[in-house]
Structures are given as structure tokens and as C-alpha cells.
Amino acid sequence: MNIVISGLGVMGASLALAIKNSTKNHTIWGYDKDEVLTQALEKKIIDVAIADWPNSMHDADLIFLATPINIIKKHLSELNGKIGYTTVVTDIGSTKAEIKEFCKSIQFSGNYIGGHPMTGAEKSGLQAANPLLYENAIYILCGDKEDIDEPVKEKLLPVLTGIKARIYFLDADHHDKVMAGISHLPQMIAIALMNMVGRRNDGFNHYFDLAAGGFRDLTRIASSSSQIWQDIITTNKSNISKAISDFIDQLNIGKENLDNISSEFLKANQYRERVPKVSKGFLSPLTDVLVYVNDQIGVIAKISNALFEKNIDIRDIELLKIREKEGGVFMLSFENPQKAEEAVAVLNSINYNAFIKE
């Protein structure tokens, strides 16, 4: 297929690399600023640079719009009438309802389906591209699984499966409401917390010096691009505003109960237990294996190479403990118990203490 990716920032460039790694049968066309296209060609991220947008898009099979939301709508307008029903157009924007309604309003000639990969990176730009960014990530498609058009089934779904994304179908309006709570509100919280502590640090330089894991985890996404986020916030403003109000109400409950906060902790603990642990955001549960290793150069490479030679795919890896010059514990996650058992056998055969986590 001829696959077009407009917008070769970290998301678009990572998508291009992921597709190229999954198959050699597709041609990747890229569209962006001239200097970005030059770099993308040099790095072999794309095969062809688009010089005549949108007029040359009539031969495209699948078009990904990996741009800010206001540019997505501009591209949809430009493509309208230039492509037909068999050309699938999707985007990777974080809000979906407004774009869906926009397509209806212009009677879009292509076959549009909204998309949202639940993945990302704090850094932006072509240089931050990662071919594994989409692997095992939930990839939301907006629509009913049973009513997906044939071109989408034949073109988009195999590509997403090929890059090992986990496809999840969800209505566009419900998507935006959910994202306001689990993605957009956390972004606003991270910004507010970072700015509050930053102002205090400016007057008394010890806050940042003493900031440890909890603070760093909570504020990690404060490094995200404001240019991208402004579009997200604008197009989901009502849902985000409601989420902020609800969160303020919850903070006030905590503030009123500082002398006896145990009930709030208990409810939070109970809710936290309902968040899937074994799936780590994956739609299918994974099986975890614990591996004890010595602190030696090349340990990770030795483990991954041994499993690769036996065609065993590591779905996730996490460092649980480390003691300098002694060793640590890795938790490797596999698709199912059978693969995990195979992995344990391989790792034990090369003298690593490995076993399936109960």
C-alpha cells in the first residue's frame, strides 16, 4: 500500500518507523516542512517526500494525520474531493468528537475514522522518534467494531495489528469524556503542581533538590508540548472544565478531612485495586517473570538475545530493584503463561534465576 503520514514529529515519525519495521511491502510517503522531509529521507524514516499536497493523494491507500487538531481539520478540507471512499483517512489526535462532526459538516469524500493511540513521549520532534512507541499501546478507533467499513478492515486494521498496537473501539463523544478524566486532567494537574512548587523553589531553593520519585512521577508530563496541548484543551474544553471542577471538589473533601483522612485513603485504595495490574494498560493480561541478575555490562542484551533466538517476545520490561555492583531484579512480561514458561526455561539454561511471578 501507499501509506501517507502528514506530520513527522515524534508521533508521526515513530509511526513511520514502526510500519517500516513491521513489513517491507508498504511505501511510506511523508508530508511536512521541507527541512523535516529532508531529515526524514536522510534517516530513511520515509520513502517518498510529498511535493504536491493534496493533489497527489488520489493514489493513497491509507492516510495518517499526525498533526495538531487545527491542522487535521485543515488537511481534511484540503483532501475533500481529492480522494474517494476507498482511501482511508485517520488521525491520531487526542480529541475526537469535534473532528467527527467536522467531517460530517463538509461531507468528507474519503473514508474517515478517528484514531487515538494511547502512547506518547515527553520529547517532541523527528529526533525523538521511537519505532517501539506504538508496540503494545492501546489504539482507540472511534466507531462500532461491527459496523467498520471494508476499506478500514482491509487497510487500517492490518497496519495497526502489524505494529503490535492493541485496537479498542469507542464512541467519539464517550472517548472525549473519558480522556478528560484520565489524560487531560492529569496534564492540568501536573502543570499546576509543577508551577506551584517551582514558585516556592524560587524563594527557597530546596524543593527541587529534595524532589524524589513521587513528585517526579506526578509531574513527568509537565514537560509536554504546549502547542499540541492547547488544541487538545480547546477542543475538549467543556469536558476538561467539568473534570477540573470535580477534582477541586475532591481536593476540598480531603482538605476538610485532614485530621481524619483514612476514609478517603481507603476509598482510593479500593479504586486503585480495580485498575488492571497484570495488563499494564494492555488489553490482554500478561504473565510476569522475575529474573535476578548480577550488576554486569551487557546483562539486558544477553537476556533479550537469548529469548529472541527462541522467538520469545518480551512484551514489557521493568527494573524492580537495583544495588550498585551487586545486582537487581527485572520483571519481564510475556503474552501468556506458555510463553512465560518457555522464557523461564531459556533464562535458567543460561544461568539466570528466573521464575513466574505468582
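Values quoted throughout were computed directly from the atomic coordinates according to the rules given, and no laboratory measurement underlies them. Everything quoted here is computed from the prediction, not taken from an experiment. Neighbour counts run over all protein chains shown; Cβ positions are idealised from the backbone, glycine included.
Key figures
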read-out: Under 16 Å from the Cα of residue 302 - lysines, other chains or at least 8 residues apart; value: 310
read-out: 29 Å Cα-Cα threshold exceeded, pairs from 104/145; 43/177; 255/357; 24/73; 104/164; value: 43/177; 255/357; 24/73; 104/164
read-out: Aspartates and glutamates whose Cα lies under 15 Å from that of residue 74, excluding same-chain neighbours fewer than 8 positions away; value: 32, 91, 98, 101, 231
read-out: Centre separation in Å (Cα based) which lies between segment 1-48 and segment 289-308; value: 32
read-out: Cα gyration tensor shape for the chain, rounded if a/c is under 1.5, else prolate or oblate; value: oblate
read-out: Normalised alpha carbon radius of gyration of segment 2-170 [divisor 2.2 N^0.38 Å]; value: 0.94
read-out: Inter-part distance where segment 128-181 and segment 247-273 are each reduced to a Cα centre, Å; value: 34
read-out: Ranked by how many other beta carbons lie within 10 Å on average, peptides 156-169, 38-51 from highest; value: 156-169, 38-51
